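Input: a single structure, listed below in structure tokens.
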Amino acid sequence: MEGTAVRGRLTWQVATVSELTDETATVRTIDLQVPDWAGHRAGQHLDIRLTGDDGYRAERSYSIASAPGEPVAITVERLEDGEVSPYLTEDLRQGDQFELRGPIGGYFIWDPARDTTPLLLVAGGSGVVPLRSILRYRERTGSTTPARLLYSARTLPDVIYRDELDRYNHDQGVDVIYTLTRQQPPGWTGRTGRVNAAMLTGIAWPASQNPLAFVCGPTSFVEAVAGALVGLGYPPGRVKTERFGATGAPGGP
Ligand SMILES: Cc1cc2nc3c(=O)[nH]c(=O)nc-3n(C[C@H](O)[C@H](O)[C@H](O)COP(=O)(O)OP(=O)(O)OC[C@H]3O[C@@H](n4cnc5c(N)ncnc54)[C@H](O)[C@@H]3O)c2cc1C
């Protein structure tokens, strides 16, 4: 069984684009049909491989945006000077195919049967993608684990999955807190500025409640937030991190 599962994860297979959804001006969700998908857990990622007509290949990793039990989906943010993300967000059409392998990752995973203490999710920009999988799974499994999402975005229109996140806030008892770093709409009464220790002090569950934190985004964001949480008394083993790379969208989330 295990041998089959490992082979399945590492083998490239063909995925077909079944639906494309624009989330923001620069972010698109790509729903995929993957015939031999072995199933995934909340928080995992996959690799995609594109091959040009001249045989040139590019590989990138993307978090899985859908919950376990749902068809595979990824959500990609366009980096204007990037190689792969402009193709995925602008050129890709329904019915197109590319290769992928996965699911990948055994660490950045939320398991409602195991992880029952308060959940702290901290996202920078497209780092919200695997956290959305976690929140979807929390809803699908009927988990009542207390959950709080702190999401740093440049502006309100840059918030990915906003309607869905607001619904978790209203219907699922999830505290959803946005902090807008670059521009706020008139009358904005929410948080502003980058996530730092002072902001986390008012938002993070107290360490005495043995919370489990998931932090995802650009590398510098993740390191700053994880460091601040450890400073608030979170044991490093209770702060799970996923880094999307040294760069990110210009200016960061
Ligand atoms: C585990 C994991 C999960 C991820 N999940 C997501 C996700 O859910 N959504 C998402 O949008 N992204 C995700 N990423 C990031 C994704 O893998 C890509 O890095 C991203 O889409 C950019 O790819 P690109 O080909 O468009 O950009 P690239 O061409 O790789 O360029 C990225 C940046 O690096 C700069 N750059 C490129 N080459 C050079 C160079 N030679 N010198 C200096 N700078 C250079 C570019 O200017 C650009 O700003 C994830 C990454 C990891 C590791």
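The values are calculated or read from the model by the stated rules, or taken from the named source; none is laboratory data. All figures in this text were calculated on a predicted structure; none of them were measured in a lab. Ideal geometry is used to build each Cβ from the backbone, glycine not excepted, and the neighbour counts take in all protein chains shown. Areas reflect the complete protein model, heavy atoms only, side chains present, ligands, DNA and RNA absent. Shrake-Rupley method; radii C 1.70, N 1.55, O 1.52, S 1.80 Å.
Let me confirm something: among 38, 25, which residue is among the aliphatic types (A, V, I, L, M), part of a loop (DSSP other than H, G, I, E, B) and within 28 Å of residue 145 (Cβ to Cβ)?
Exactly one of 38, 25 is among the aliphatic types (A, V, I, L, M), part of a loop (DSSP other than H, G, I, E, B) and within 28 Å of residue 145 (Cβ to Cβ), namely 38.
Collect the residues in region 90-107 that are open to solvent by 10 Å² or more (accessible area, probe 1.4 Å), of a type outside the set (Gly, Ala, Ser) and within 19 Å of the chain's Cα centre (by Cα), keeping them in residue-number order.
Passing the criteria: 101, 104, 107.
Please go through region 57-86 and pick out each residue that is of a type outside the set (A, V, I, L, M), assigned to a loop (DSSP other than H, G, I, E, B) and within 13 Å of the ligand (Cβ to nearest atom).
Residues satisfying the conditions are 66, 78, 80, 81, 82, 83.
Just a yes or no: is a residue in region 223-235 at pLDDT below 95 and in a helix (DSSP H, G or I)?
no
Considering only residues of region 10-47 that are within 14 Å of residue 101 (Cα to Cα) and within 16 Å of the chain's Cα centre (by Cα), which is most open to solvent (accessible area, probe 1.4 Å)?
Here the residue is 45.
Using the structure shown, decide if residue 168 is open to solvent by 20 Å² or more (accessible area, probe 1.4 Å), assigned to a helix (DSSP H, G or I) and on the phi < 0 side of the Ramachandran plot.
For residue 168, the condition - open to solvent by 20 Å² or more (accessible area, probe 1.4 Å), assigned to a helix (DSSP H, G or I) and on the phi < 0 side of the Ramachandran plot - is not met.
Against the condition open to solvent by 10 Å² or more (accessible area, probe 1.4 Å), in a strand (DSSP E or B) and in contact with a strand residue (DSSP E or B) (Cβ under 8 Å, 6 or more places away or on another chain), how does residue 122 come out, does it pass?
Here the answer is no, as residue 122 does not meet what is asked.
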